[in-house]
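Peer 1: One structure follows; several queries about it will come next.
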Amino acid sequence: MTWSKALKDTVRTGLTVERTKLQPLVAVRGAAGVAIVIGVVLWLATPTLAVSSAFGAFASALVTFQRSWRPRPVLALAVAAGLAISTFLGYMAAADHLAFAVLLAVWTLLAGMAWAVGPVSGMVATQTVAVMLITVTLPTSVAGALLHAGIIVCAGVVQAALIVLFPIRPWGLQRDALADALAAEADYARRLRHDPVARFDAQPLMDARSAAELTPRQARNRPRQLGGPRGVAERLRPVLASLADPVVGAPAEGPERDHVRDLLAAAATVLDAVARSIRWGRPVRLPPEVMAVLEGAESGSMLTGPARRSALRLIALLADAVEATDEPVKEAPPANGERPRKPPEGTGNSKEKEPYRHLLRPTVPRLVPVGLRALRREARWSSAIGRHAVRVAAVSLAGYALGSALPLGHGYWAPMTSVMVMRPDFGQTYSRGVARFVGTLVGVFVGGLVMALAHPGPWVCAALAVVCIGLMYLLMRTGYSVASACIAAYVVFLLGIAGEGWSQTVEERVILTLLGGLLAMAAYALFPAWETPKLRDRLADWLAANGRYSLAVLDTFARPAERKPRRVREALLDARAARQAWDDAVARAQREPVRHRGISRSAERGAEAALATMGRTTMLMEAHLPDRDATPSREAEDFAAALRAALPEAVAAVRERRDLDWSGPLQAYAAWQARVDDEGVAVRAAELLVDALDELAGVLSRGPGGRNRAARR
C-alpha cells in the first residue's frame, strides 16, 4: 500500500461516525459523579482545585467504559490512585524543567510499556500522563500538591461509590458476551445450510471465555444463567460443522441434506432463543415447528451413520443449553390452535454434559507478577510494544520542549495530544491523530462561541462542562472524533471556571493540538514497528498451534483409553488464539504503507485458507472422538507420528522462506488408506488434512506448483 492510500484510509477511518448502541444510564451516572465532585470542590474550595478534581473524576469514570471483565469500582479506584501519584510527582518536579522532563520521559516510557499488560492498562497509564501534564500547570505548593492528589483520589472514590450504589445491568457485560457467542453459533448454523464449509469467527467464543473468568467471590454471586451455556457453545461448533460437512456428514444432495438443513435451521432458532434469554433474563420460548423438527430427528431414521450421530449429539447439546438457562421451556402458542408439543425425550442430560467449573481469575495483587512478566517479555527492541514505549517517550519530550518554547502558553497541550493519540500500531495512531485534530477544532469552536456570546460564570461553566462530559460518555463509542469534540469543549469550560480567556484558549488549543498530532504521525513514520515483515512468523505460529491441535485429536484416535479432553481443549484454545493473532496482524498490515516483504498477497490468502481448512478438519475429527473403550487405531498413531516428526521442520521452513516437505505424513496417509477397508470419519478427515498441508506447501513454494504437489502426482 502506498503512503497516499494509507493516509486516505486513516483519514476516512478517523472521521467515521458509527451507529452503535448507546448506554444513557451509564453516561448519566458518570456525568453525575463529575458533577458531584466539581460542585462540592467549587463550593468548599477554589476554582483551581475544582478544575484539578474534574480531571480526576472524568478519567475515573472514563476507564469504566473500557472493555474489561473486572469489576468497575476496582478500575475507577485504580485509575484514581495512578492519577494521584502522577500528579503529585509532577508537582514535585514542575519547578525544574530538566527534572520534569526526566520524570515525563520515564513515566511516559512506563505508560507505553503498560500496553503489554493489556489495552485497559495502556489506556489507564496514558490517562495518568495526560492528567500530569494538565494539573501541574495549576499553581500550588507542596501542601497544595498533596491536596490536589487527595482530591483526585476522592473523585475516584465518588465514581466507584456511584457504581456500587447504582448498578446498571449487573453482570451485563458477561451476559452480552455469552449471548453474543450463542448468537454467533446460531448465525453459523444458518450459513452452514447454504455453505457446508462456511467460516466461523471464533472471537465471540473467546470473549465469552474471557468473561467467564471469575474470582471465587464472583463465582458465588454469579447468576446461574451464566453457568453452563458457554461450555455447550464450545461443544456445539464442531457438531454443527460435522453435521453439515459433505465428507463426514450428510451427502451434498438428497433427502438427508434437506433434513440437515431443517435441523440446522431449528438449531439456529433454539440458540437465538437461548441467547435472548441469557441477555435479558427471560424464559426460553420455542415455536412448535422447531420442537417438531427436533422430535422428528430424535425418533426418525432420516439420517444414517456419522450424520445421525452428529444430529443426536446436537439435539442433546441444544437441550443442555436450554436447561442451563435455569428457566422453564415455554413454547409460543400455536397459530392453528393445536396443543403444543413436548420437548423430545432423551435430548437433555447428555453424557457430554459436565458440571460447570468457573475459570479462576487472579485477584488484583496476584496480577502484579503477571504484569511484570508481560513487561519483561516485551522489553526488547524487536517488540512493537517496546518500540511504542520508546517512541511515545521521545515524542512527549519533543512536544514538551516545543510547547514550552512557543510563545503561546498551555504548551502541555502538544505532548498531551501526542500521548493520547499514539498507539502501538500505525493505523490507530494516524486515524486517531486526524480525529483528534478535527474533533478539537469543532469542540473549541463550539465552546469558544458559547463563552464569547454568553460570558458564563464559574457555576454555569461547571454545568456546561458536565453536559459536555455526559455527551462524551454517551457518544464515545460512535467515533474518536466525536469524543474529541466533547472533550475539547469540556476543557474550554473547565478553564473558564479558573478564569482563563476563551479566545486565547481556542487559538492555543488548535495550534498545539495540530503540533502534537503531527509529532505523533512523524514519529511513527520515522521510527515504525511494521507488522508486515512479521507475517511469516505469525503464519508459522498458527501452523505450529494447528499442528498441536491435530496431534492431540489424532492421539485420541490412536489411544482412546488414554483420552485427555483437557489436552484437546487447550490445544484448540491455542490454535484459536494463533488464528486471532494472524487475523489481527493481517488487518494491521493491510493498513501499513509498506511493500509486502516475505509473503505476497496471493500467498497470504492461500496460506490462510489452507490453515483454516486444517483447523476445521481437525475440528471435524474432534466432533467424533472415540469412547475410552473403543479399539485403538494403529494407522492413526503412525499418521500422528509422521506429522509430529515433520511439523517442527515445516514451521522453521515457513519462517525461513523454504519449501515445505510433507512427504512423511503423505506416505503415512497412503498406508492408512490402503489398510482400511471401511473408511471412517478419521481417515476421511485425514484426507482433508493432507490436502490442506499440500495446499499450504503449494502456495508457499518458491517453485511452480510446489514440490509436494509434484510428489503426489
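Peer 1: Just checking, how many residues over segment 246-278 are open to solvent by 50 Å² or more (accessible area, probe 1.4 Å) and either of a type in the set (Asp, Glu) or part of a helix (DSSP H, G or I) (or both)?
Peer 2: 6
Peer 1: Could you please let me know if GLU637 is buried (at least 22 other Cβ atoms within 10 Å of the Cβ) and acidic (Asp, Glu)?
Peer 2: Against the criterion (buried (at least 22 other Cβ atoms within 10 Å of the Cβ) and acidic (Asp, Glu)), GLU637 does not qualify.
Peer 1: Does any residue of segment 494-503 turn out to be touching a Phe, Trp or Tyr at 6+ places or on another chain (Cβ under 9 Å), at pLDDT 90 or above and within 21 Å of GLY33 (Cβ to Cβ)?
Peer 2: No: segment 494-503 contains no residue that is touching a Phe, Trp or Tyr at 6+ places or on another chain (Cβ under 9 Å), at pLDDT 90 or above and within 21 Å of GLY33 (Cβ to Cβ).
Peer 1: Which numbered condition in (1) under 20 Å from ARG313 (Cβ atoms); (2) at pLDDT below 90 is the only one that ALA252 fails?
Peer 2: (1)
Peer 1: Moving on to the next point. Is at least one residue of segment 579-588 open to solvent by less than 20 Å² (accessible area, probe 1.4 Å) and over 19 Å from the mean Cα position of the chain (by Cα)?
Peer 2: Checked segment 579-588: no residue is open to solvent by less than 20 Å² (accessible area, probe 1.4 Å) and over 19 Å from the mean Cα position of the chain (by Cα).
Peer 1: Only one of these is among the basic types (Lys, Arg), touching a residue at least 12 places away in the same chain (Cβ under 8 Å) and more than 26 Å from VAL248 (Cβ to Cβ): ARG563, ARG601, ARG548, ARG536. Name it.
Peer 2: One residue alone meets the criteria, ARG536.
Peer 1: When you scan segment 330-448 for helices (runs of 4 or more DSSP H) that lie fully inside it, which ones turn up with 3 or more residues that are modelled with pLDDT of 85 or more?
Peer 2: Qualifying helices (runs of 4 or more DSSP H): 384-405, 413-421.
Peer 1: A follow-up question, please. Return yes or no: is ARG285 touching a strand residue (DSSP E or B) at 6+ places or on another chain (Cβ under 9 Å), of a type in the set (D, E, K, R) and open to solvent by 40 Å² or more (accessible area, probe 1.4 Å)?
Peer 2: Taking the combined requirement at face value, the residue satisfies it.
Peer 1: Another question, then. Between LEU103, LEU44, LEU83, which is open to solvent by less than 60 Å² (accessible area, probe 1.4 Å) and free of Cβ contacts under 8 Å to residues at least 40 places away in the same chain?
Peer 2: LEU103
Peer 1: Scan segment 701-710 and give yes if some residue there is surrounded by 21 or more Cβ atoms within 10 Å (Cβ to Cβ), at pLDDT 90 or above and either assigned to a helix (DSSP H, G or I) or under 33 Å from the mean Cα position of the chain (by Cα) (or both), otherwise no.
Peer 2: Checked segment 701-710: no residue is surrounded by 21 or more Cβ atoms within 10 Å (Cβ to Cβ), at pLDDT 90 or above and either assigned to a helix (DSSP H, G or I) or under 33 Å from the mean Cα position of the chain (by Cα) (or both).
Condition check ((1) surrounded by 20 or more Cβ atoms within 10 Å (Cβ to Cβ); (2) assigned to a loop (DSSP other than H, G, I, E, B); (3) in contact with a His (Cβ under 9 Å, 6 or more places away or on another chain)) across all residues:
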site	(1), (2), (3)
VAL594	no, yes, no
ALA607	yes, no, no
ALA612	no, no, no
THR618	yes, no, no
LEU647	yes, no, no
GLN667	no, no, no
ALA671	no, no, no
ALA686	yes, no, no
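Peer 1: Moving to a separate point now. Criterion first (part of a helix (DSSP H, G or I) and touching a residue at least 60 places away in the same chain (Cβ under 8 Å)) does VAL654 satisfy it?
Peer 2: yes
Peer 1: Would you pick out the residues in segment 73-123 that are under 20 Å from PRO424 (Cβ atoms), hydrophobic (A, V, I, L, M, F, W, C) and outside any helix (DSSP H, G or I)?
Peer 2: VAL117
Peer 1: Now, a different point. Mind checking whether some residue in segment 226-237 is touching an Asp or Glu at 6+ places or on another chain (Cβ under 9 Å) and under 15 Å from ALA297 (Cα atoms)?
Peer 2: No - not one qualifying residue is present in segment 226-237.
Peer 1: Right, next: Which number in (1) over 26 Å from TYR430 (Cα atoms); (2) among the hydroxyl-bearing types (Ser, Thr, Tyr); (3) under 27 Å from the mean Cα position of the chain (by Cα) marks the one condition that SER52 misses?
Peer 2: Tallying (1) over 26 Å from TYR430 (Cα atoms); (2) among the hydroxyl-bearing types (Ser, Thr, Tyr); (3) under 27 Å from the mean Cα position of the chain (by Cα), SER52 fails exactly one: (3).
Peer 1: Related question: For ARG616, state whether it is over 14 Å from ASN546 (Cβ atoms) and more than 20 Å from the chain's Cα centre (by Cα).
Peer 2: Against the criterion (over 14 Å from ASN546 (Cβ atoms) and more than 20 Å from the chain's Cα centre (by Cα)), ARG616 does not qualify.
Peer 1: Could you please give the count of residues in segment 380-423 that are of a type outside the set (Ser, Thr, Tyr) and under 23 Å from the mean Cα position of the chain (by Cα)?
Peer 2: Looking only at that region, the number is 11.
Peer 1: Something else about it: Here is a check on your reading of the model: is ALA525 free of Cβ contacts under 8 Å to residues at least 60 places away in the same chain and surrounded by 17 or more Cβ atoms within 10 Å (Cβ to Cβ)?
Peer 2: No: the conditions fail for ALA525.
Peer 1: Could you please find all residues in segment 167-212 being over 20 Å from the mean Cα position of the chain (by Cα) and either basic (Lys, Arg) or under 24 Å from VAL26 (Cβ atoms) (or both)?
Peer 2: Residues satisfying the conditions are PRO167, ILE168, ARG169, PRO170, ARG190, ARG191, ARG193.
The values are calculated or read from the model by the stated rules, or taken from the named source; none is laboratory data. Since the model is a prediction, treat every value here as computed from it, not as a measurement. Because the Cβ atoms are built from the backbone with ideal geometry, glycine has one as well, and the counts that use them run over all protein chains shown. What goes into the accessible areas is simple: the full protein's heavy atoms, side chains included, and nothing from ligands, DNA or RNA. Shrake-Rupley method; radii C 1.70, N 1.55, O 1.52, S 1.80 Å.
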